[in-house]
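Have a look at the structure below, then the notes.
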Amino acid sequence: MNTVFLNGEYLPADKALISPMDRGFLFGEGIYEVIPSYSGQFIGLAPHLNRLNDGLKALKIKTSFTLKDWLDICNQLIEKNDGENLALYIQVTRGCSLQRHHAYNNDLTPTIYAFTFGIPNAPLADKSQVKTYKVSTDQDLRWQRCNIKSTSLLGNVMHFQKSVEESTQETILFNSKNELTEASASNVFIVKNKVIITPHLDHQILPGVTRFILLDILKKYCEYAVEERVVSYDEVINADEVWLTSSTKEVAPVVAIANKEVGSGRVGELWLAAQTLFSQYKGHYE
Ligand code: PLP
């Protein structure tokens with residue numbers, strides 16, 4: 001039985017109970033993180049915990065947890081649960097209020113829940129073994145604060161479901177000006193004429209930890225130019241390469257968008273360079 005953390009206690013998953021009056025359940029009012037670990041080593045732990053704190057500030061949820069407390073929960077859960085590769089899921093909601101009302105009381109005690117789940121081995125920088133993605137496209141119909149890693153994921157779920165219904169593996173999203181935002185559970189990069197391009201950070205996209213680590217690695221160790229800027233629909237459709245990034249996918253090559261091949265339809269050379277560097281240096285980002 002998985003051991004989970006709930007409000008200060010470690011207990012078996014089936015003994016972890018929260019009230020249906022929790023505002024996370026009633027309003028989807030909370031934030032979360034998913035942090036991968038391989039053989040006990042976390043990838044991007046500090047940036048994940050920083051983003052968690054940014055989310056708590058944005059929602060004005062106050063906890064007494066220090067960075068050391070979060071680190072302790074992460075380490076204990078990895079120790080208490082079996083598995084070589086585990087992702088740690090942390091969720092914090094506003095807490096439980098006995099009356100359902102949109103306005104919240106400032107004195108609610110946040111609900112803090114964390115558990116682990118098994119993940120596959122980290123992707124390899126190998127063209128013959130990497131999982132390739134065919135993706136759908138959709139107009140981004142989510143809210144205006146996608147920079148907050150909110151548990152209110154209904155928009156993302158609906159966009160992702162489109163890919164399931166179209167037998168693809170992700171949905172790439174465009175705003176009302178036909179500019180690339182991100183995908184339902186990933187950030188997006190394109191490559192054109194050996195330049196690596198990704199949308200700049202703003203309220204339309206999640207500041208992905210993998211995006212952050214990859215950009216830092218590319219700027220330090222890669223010979224190719226990197227740009228963060230507006231990316232149009234036409235640029236995506238005519239790109240030489242398209243990649244998705246997320247904590248468990250790392251850098252994933254897209255080979256078809258809406259049934260049209262990306263570039264040659266094969267995994268690209270710059271993907272290989274990027275995933276090779278990512279595999280080599282990601283361990284520096286603890
Ligand atoms: N964008 C969205 C909407 C996501 O849900 C995720 C991950 O879950 C990402 C981007 C990638 O973020 P990260 O690299 O921190 O996993």
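Structure notes:
- Set Ser247, Ser264, Ser152: member being away from the ligand (no atom under 16 Å from the Cβ) and either on the phi > 0 side of the Ramachandran plot or surrounded by fewer than 23 Cβ atoms within 10 Å (Cβ to Cβ) (or both): Ser264
- Qualifying position, being polar (S, T, N, Q), within 15 Å of the ligand (Cβ to nearest atom) and in contact (Cβ under 8 Å) with a residue 12 or more places away in the chain, among Ser37, Ser19: Ser37
- Selection of the stretch 100-124 for residues being more than 21 Å from Tyr38 (Cα to Cα), assigned to a strand (DSSP E or B) and of a type in the set (Ser, Thr, Tyr) yields Thr111, Tyr113.
- Residue match in the stretch 257-267 (condition: within 21 Å of the chain's Cα centre (by Cα) and under 15 Å from Val135 (Cβ atoms)): yes
- A residue that is in a strand (DSSP E or B) and surrounded by fewer than 16 Cβ atoms within 10 Å (Cβ to Cβ) cannot be found anywhere in the stretch 171-180.
- Selection status of Phe189, within 14 Å of the ligand (Cβ to nearest atom), within 19 Å of Pro47 (Cα to Cα), aromatic (Phe, Trp, Tyr) and within 22 Å of the chain's Cα centre (by Cα): no
- Filter result for Ala274 (over 15 Å from the mean Cα position of the chain (by Cα) and farther than 25 Å from His48 by Cα): no
- Listed by first and then second residue, the pairs linking a residue in the stretch 191-214 that is small (Gly, Ala, Ser) to a residue that is crowded, with 21+ Cβ neighbours inside 10 Å, with Cβ atoms under 8 Å apart and 6 or more places separating them unless they lie on different chains, are Gly208/Glu182; Gly208/Ser186; Gly208/Asn187; Gly208/Thr245; Gly208/Ser246.
- For the stretch 210-226, taking the residues that are of a type in the set (D, E, K, R) and exposed (fewer than 13 other Cβ atoms within 10 Å of the Cβ), the one that is farthest from the ligand (Cβ to nearest atom) is identified as Glu223.
- Filtering the stretch 245-279 to residues that are part of a helix (DSSP H, G or I) and closer than 18 Å to Arg211 by Cβ leaves Leu270, Trp271, Ala273, Ala274, Gln275, Thr276, Leu277, Phe278, Ser279.
- Criterion (more than 30 Å from Ala273 (Cα to Cα), small (Gly, Ala, Ser) and out of contact with any helix residue (DSSP H, G or I) (no Cβ under 6 Å at 6 or more places or on another chain)) met by exactly one of Ser163, Ser152, Ser128, Ser186: Ser152
- Breaking point among (1) part of a helix (DSSP H, G or I); (2) within 15 Å of the ligand (Cβ to nearest atom), for Val242: (1)
- Listed by first and then second residue, the pairs with beta-carbon distance under 9 Å, at least 6 apart or on different chains, first residue in the stretch 227-255 and not assigned by TED's automatic domain parsing to the domain that holds Ser279, second surrounded by fewer than 22 Cβ atoms within 10 Å (Cβ to Cβ), form an empty list.
- Residue match in the stretch 138-148 (condition: more than 16 Å from the ligand (Cβ to nearest atom), within 26 Å of Gly263 (Cβ to Cβ) and either outside any loop (DSSP other than H, G, I, E, B) or not assigned by TED's automatic domain parsing to the domain that holds Ala87 (or both)): no
The values are calculated or read from the model by the stated rules, or taken from the named source; none is laboratory data. Note that the coordinates shown come from a computational prediction; the quantities given were computed from them, not determined experimentally. Note: ideal-geometry Cβ built from the backbone for every residue, glycine included; neighbour counts use all protein chains shown.
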